[in-house]
Amino acid sequence: MMRAGAMCAALLMAAGAARADGLADLKAALARSGAAAPLKALAETHTWRKLGEGKDAEEESGQASVAVEESARGLGVTYSRPTLARVEGELRAKGKNPNSKTPTLDALAELDTRDMLALTSAAAGLARRIERDAYQGERADAWQGKPARLLTFEAPITSLSERERKYAKKFLSQLDVWIAPDGAPLASRARMTMSGRAFVVVSFEATHEEDSVYAVAVDHLLVTRRESHDRSAGAGERDERKVVTTLQVQP
């Protein structure tokens, strides 16, 4: 019969191996996700922003979409003629009135090169994040009613720039990743809170929340839906922003 001490040691070793397996499975799944096959997709984003609070608050919303194509030549983004017409109209209005809103331009700002790579080459971005962050462990969970494993990571304060660290007094950043039995990422949830003081008298606080859903198509690991919510306050001002971006593969 196994002694109690030996049994506890065996259980601890088994638990450690189980925790390591989830991370290893995720890394292996990310390594399998290539980006060599051609890809055509439609990226669409909806934005909402609120500046200030109370009766003086200003709200604005926007929407835009672009066609995305990845091939041997690289990554291409195409703007439709109706989209370009709306942009031109907003620029004309802005030239006449500096207070004029630019909802299409603001939405397109959420579809820049960095965002496109995050959507179409999700494996590379997720791999960089889990290499940088400290692995906290895993536990059994469920995603959309199906068995999954939940892996948790915590970002070090060194993930901030030197300038940001200079002013940050409190920083917490956590990443949760749900993976399938084979290690493929299903979804992730990032949460960040930061507060501090700048220029001696100006205190600030900020939060960032981001939920992503993943899918594999034509050898690409894609983010098919990303929803982010940012809130910040400082110097007597409040800013809140929500962005929902989707990616649909086209034939």
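Quick note: the coordinates plus some simple rules give every number you see, no bench work behind them. Being a predicted model, the structure only gives us computed values, none of them experimental. All Cβ positions, even for glycine, are placed from backbone atoms using ideal geometry, and neighbour counts span all protein chains on display.
Here the Karplus curve 6.51 cos²θ - 1.76 cosθ + 1.60, taken at θ = phi - 60°, turns the phi angles of the range 66-73 into couplings of 9, 8, 10, 9, 10, 8, 4, 7 Hz, with x standing for Gly and Pro. Here the Gaussian network model covers the chain, with springs between Cα atoms less than 10 Å apart; of A72, A155, A37, A72 fluctuates the most.
When the listed pairs K50/K94; K55/K170; K101/K169; K40/K101 are checked against a 29 Å cut-off, the alpha-carbon distance exceeds it for K55/K170; K101/K169; K40/K101. Using every pair of separate Cα atoms, the Kirkwood estimate puts the hydrodynamic radius of the range 41-161 at 18.1 angstrom. Coupling constants for the range 167-172 follow from the phi torsions by the Karplus curve (6.51 cos²θ - 1.76 cosθ + 1.60, θ = phi - 60°), and in residue order they are 9, 6, 9, 9, 8, 9 Hz; glycine and proline get x. Evaluating kT/(6 pi eta Rh) at 37 °C and 0.692 mPa s, with the Kirkwood radius of the chain over Cα pairs in the Stokes-Einstein relation, gives 158 µm² s⁻¹. For the chain, adding -39500 (n - 2.57) for each run of n ≥ 4 DSSP H residues and dividing by the number of residues yields -9500 deg cm²/dmol at 222 nm.
If you run the Gaussian network model on the chain, springs between alpha carbon atoms under 10 Å, then out of G89, G22, G125 the most flexible one is G89. For the chain, the dipole from Cβ point charges (+1 on Lys and Arg, -1 on Asp and Glu) about the Cα centre works out to 300 debye, to the nearest 20. Working from the alpha-carbon coordinates of the range 115-234, get Rg over Rh, Rh being the Kirkwood radius. Using Cα coordinates only, the ratio equals 1.03. A simple spin-label model places pseudo-atoms 7 Å from Cα toward Cβ; at T207 and R189 they are separated by 1.3 nm.
Using the Karplus relation 6.51 cos²θ - 1.76 cosθ + 1.60 with θ = phi - 60°, the per-residue 3J(HN,Hα) values for the range 245-251 come to 10, 10, 10, 10, 6, 10, x Hz, with x marking Gly and Pro. The aspartates and glutamates within cross-link reach of K146, meaning a Cα-to-Cα straight distance under 14 Å and a gap of 8 or more places when in the same chain, are D182.
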